[in-house]
Amino acid sequence: MQNKIPLSRRHFLRQTTLTTMGFALGAPIVFGHFMPKGLTPVALSNGASFDSLPGKRPEMIVLNERPVNAETPPHLLNDVLTPKDLFFVRNNGLPPRRDEINADTWTIRFDGEALRTEKSFTLAELKAQFKHYTYQLTLECGGNGRKEFNPPAKGNQWGLGAVGCAAWTGVRLKDVLNAIGLKSNAVYIGYYGKDMHLSGDPDKNPISRGVPMSKALEEESLIAWAMNGEDLPLLNGYPVRLVFGGWPASCSGKWLERISIRNKVHDGAKMVGQSYRVPCKPVAPGSKVEDKDMCIIESMPVKSLITYPKSGAQIKAGKQLPINGHAWAGDLEVAKVEYSIDFGATWQACQLKPPANRLAWQQFNASVSFPQKGYYEVWAKAIDSNGQAQPMLLPGWNPKGYLNNACHRIAIKVA
Amino acid sequence: MPNHQHMDEQQKEAYDKALRDSFRVLMSAIKLLLILVVGILLYIPLKSDIQQWLSPKPVVKTVSNSGVQPNEEDFDKVENGVHLATGLKFAPGFEDVRANCTVCHSAALVTQNRATREGWDQMLTWMQETQGLWDLGPKRARILDYLAEYYAPEAQGRRASLDLQEIEWYILDLE
């Protein structure tokens, strides 16, 4: 019996040990396997699998899904007016859901220290009480081209396509402000939108920027509800937004709910600190710059994009290559566009069209011939009405990587 | 005597039974102890694996209006050292980064950026000061080690050449 017990015990122990091992090793796997779906916060997954870009073409290059940031490949920006489904998306927070938006009851509040009286308009009232205008206005993200800066700057690593030009329809901001009554101490407007801060904190604004009164009161500065004759896409601010052509697109608030007329430079989210600011004086690459030495970006610099052909074209020797694209220059007009096939040693003029209206991008084209077979790059360079040209190298380094207007180039093989 | 003998037998049997009972109790205790020891011994070398198994698996939310159906098998796959679902390098510190960073923003905001340890440290501080990032405690150092190691800046001069690997060459027929 004494023998028997240890035997069975040994057997029992052996079994237990196996079970224990199985438990220690197996259970977590099994548990992991059967863990109910939906238990993990959605944010833990990268989310590449759900439709984060409603209303946009799948060719858009998604830089970030939370918040949604997506740019357009240059060759898809070939239209004079960027189609709705190809217009870049730069979100700082989470946009309102489509079913949270009622365009019929949507209201915009006007307030601030420099307004005679606070006033609210429904979108319908704005449409009914003020004259409508349509302008082709270029919007470019202040950080477009950030990817090329060295040392690298943090944030979305935009390539070339955070830019577009659409026909925007709305009412002039100045008509509305003049109707309400501005005080003489008005300095800046600041917008507030319905998007939510990434943290979900309702007391935080993801972004609340604006422009000085001089820009706010320009004829082309719109409270806009339509893009290319149709409702705004949700990701571009449906049902109503601001549009200030030629300035960093972050000035043009989306899902517009409130405009404050300030008696000082607006101090909302991403107006202060280092956001959308560059060093007031040039600095060496990699420098630390104090907040007080950073100045707000206003008009964007001269720039151009070759939208045809797509980079990587192989053509037969002896053929002329047609190229075309757009050029824009912030508040200014583009005076000239040139191209080079020898890395800037020589430049040839492109044909350049005047803008459809002030602040619209302009179309250029040329017919390029190549002296012999081989690898070429076609570089484009725009020059603005003040004689400022695009640099071939990166422009002055800045801590946040804004305003890269270096020449665009495409690769061509002649065989 | 037989009676006594009988009593003795009974006593012996009771004694044996008591002995067996206490032996059983003793062995049960040893059994539990062994299970514990084996468990601990197994846990120590396999700690990171087990933690990995226990850590939440990424689950993808399917939105009703979405036409794209994700391939569920891909979600925790690691290929060439990259965690496919997030695109993050699969290396020590991965879990800390996934668990803390992707709560607010997608992993793409990490993978597309490059910075020194100091640069990443400043980003974490900025997120804590302005974006509601929580105190990371000892995880901060692990996260910074990971980011500084796998997402460090590369020297590229004043302007990089066109990335020829990226170019998709195509035939363009011209008139």
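The values are calculated or read from the model by the stated rules, or taken from the named source; none is laboratory data. Every value quoted in this text rests on a predicted model; they were computed, and no experiment measured them. Cβ: placed from backbone, ideal geometry, glycine included. Neighbour counts: every protein chain shown.
What to note about this one:
- Residue within the stretch B:67-74 that is within 22 Å of the chain's Cα centre (by Cα), at pLDDT 90 or above and more than 7 Å from chain A (Cβ to nearest Cβ) present: no
Let's see how each residue does on (1) under 28 Å from the mean Cα position of the chain (by Cα); (2) aromatic (F, W, Y):
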| residue | (1), (2) |
| --- | --- |
| A:I297 | yes, no |
| A:L305 | yes, no |
| A:I323 | yes, no |
| A:L332 | yes, no |
| A:S340 | no, no |
| A:W347 | no, yes |
| A:P354 | yes, no |
| A:F364 | yes, yes |
| A:P371 | no, no |
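- Subset tally (residues that are buried (at least 18 other Cβ atoms within 10 Å of the Cβ) and either of a type in the set (A, V, I, L, M) or in a loop (DSSP other than H, G, I, E, B) (or both)) for the stretch A:369-388: 5
- For A:S184, the stated conditions do not hold, so it cannot be described as of a type in the set (S, T, Y) and either at pLDDT below 95 or at positive phi (or both).
Table: residues versus (1) at pLDDT below 95; (2) buried (at least 22 other Cβ atoms within 10 Å of the Cβ); (3) closer than 24 Å to A:G143 by Cβ.
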site	(1), (2), (3)
A:Q348	no, no, no
A:L359	no, yes, yes
A:Q362	no, yes, yes
A:P399	no, no, yes
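- Test: B:Y146 is in contact with a strand residue (DSSP E or B) (Cβ under 6 Å, 6 or more places away or on another chain), surrounded by 12 or more Cβ atoms within 10 Å (Cβ to Cβ), more than 30 Å from A:P95 (Cβ to Cβ) and more than 7 Å from chain A (Cβ to nearest Cβ): no
- Meeting the requirement of 2 or more residues that are surrounded by 23 or more Cβ atoms within 10 Å (Cβ to Cβ), the strands (runs of 3 or more DSSP E) wholly within the stretch A:201-294 are A:210-212, A:222-227, A:241-243, A:256-262.
- Search result, residues across the stretch B:125-169 that are part of a helix (DSSP H, G or I) and not charged (D, E, K, R): B:T125, B:W126, B:M127, B:Q128, B:T130, B:A141, B:I143, B:L144, B:Y146, B:L147, B:A148, B:Y150
- Boolean, A:G325 is assigned to a strand (DSSP E or B), in contact (Cβ under 8 Å) with a residue 60 or more places away in the chain and buried (at least 20 other Cβ atoms within 10 Å of the Cβ): yes
Rundown of residues vs (1) more than 7 Å from every other protein chain (Cβ to nearest Cβ); (2) within 20 Å of A:N150 (Cβ to Cβ), yes/no style:
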position: B:T102; (1), (2): no, no
position: B:A108; (1), (2): no, no
position: B:R114; (1), (2): no, yes
position: B:R117; (1), (2): yes, yes
position: B:Q122; (1), (2): yes, yes
position: B:T130; (1), (2): yes, no
